[in-house]
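Before any comments, here is the structure.
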Ligand SMILES: C[S@@+](CC[C@H](N)C(=O)[O-])C[C@H]1O[C@@H](n2cnc3c(N)ncnc32)[C@H](O)[C@@H]1O
């Protein structure tokens, strides 16, 4: 059986994709659910500890609500908190996020390193989006919270960016839905390009581990094989899911 963390109410917990800033549960409940998931990730050996700055997370959330143009997103508040927390814990010097659309998923990762929720110093936080007009909007959004350029969005195929990246990749976030029949099956190709650049302890996050499980079957099999990744946990806080794997 694949290792998983499943919140009791994951099916009932729903957001409005068009209104991502709306609170759907008390923040204390959100914190408790995410804390329990982080503890499971520590227990599995994916994360070294479960401590992240909860106040900075809320500063990040508020900063994004005030500055980002988000036509829609499937990133729930639970997922936003989980992704932010994992980045705050791992503190990746170099992070690449593949398939970032308007930038909300990207900044849930990058927000631990830049902007109002920053809690460490990063070198390269790169969002990759294959559609130039979406990449432009995402880059515009990101510039509003990070004038430094440490976080940036490029219009490109994530497979190429990862292949050509000249340094270690400490955290890889996967959300690209491909441009052909393979759809989210492209996660596997992107990870295979990144794998040899990921040092021990590096983490891969794969969004849609629940609602795209069929398209991701090959990817999920691969990361759940201990010959490839040290540990992997399917974190089910909402109907989308996040597979969290450590090398
Ligand atoms: C469905 S969106 C992700 C949305 C995100 N889950 C959210 O809730 O905000 C996936 C994005 O991946 C992009 N994409 C598809 N294939 C890609 C590739 N090879 N490289 C980079 N981006 C890609 C698509 O253009 C699309 O904007």
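Coordinate-derived values only; no laboratory data. Given the structure is predicted, the values throughout are model-derived calculations rather than measurements. Reconstructed Cβ throughout: ideal geometry from the backbone, glycine too, with neighbour counts over all protein chains shown.
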Can you work out D for the chain in µm² s⁻¹ from Stokes-Einstein, where Rh is the Kirkwood radius over C-alpha pairs, the temperature is 10 °C and the viscosity is 1.306 mPa s? 90 µm²/s
DSSP beta bridges in the chain, what fraction antiparallel, as a percent rounded to 5? 30 percent
Where does each of 232, 212 land when they are ranked from fewest to most other beta-carbon atoms within 10 angstrom? 212, 232
Per-residue [θ]222 nm for the chain (sum of -39500 (n - 2.57) over DSSP H runs n ≥ 4, rounded to 500): -11000 deg cm²/dmol
Most fluctuating residue given options 180, 225, 16, as computed from a GNM of the chain linking Cα atoms under 10 Å: 180
Within the set 115, 103, 63, GNM on the chain using Cα springs under 10 Å gives the largest fluctuation to 63
GNM result for the chain, Cα springs below 10 Å: residue of 185, 127, 18 fluctuating most strongly: 18
Mind checking the full-extension length gain between residue 167 and residue 228? Use 0.36 nm per residue of separation minus the Cα-Cα distance, one decimal, nm. 19.9 nm
At a threshold of 8 angstrom on Cα-Cα distance, excluding pairs fewer than six apart, so keeping six or more, what relative contact order does the stretch 4-246 reach in percent? 22 percent
Please arrange 238, 160, 55 by counting, for each residue, the other beta carbons lying within 10 Å of its beta carbon, fewest first. 55, 160, 238
Under the rule a/c < 1.5 gives rounded, and otherwise a/b versus b/c splits prolate from oblate, where does the stretch 14-94 land using the Cα gyration tensor? prolate
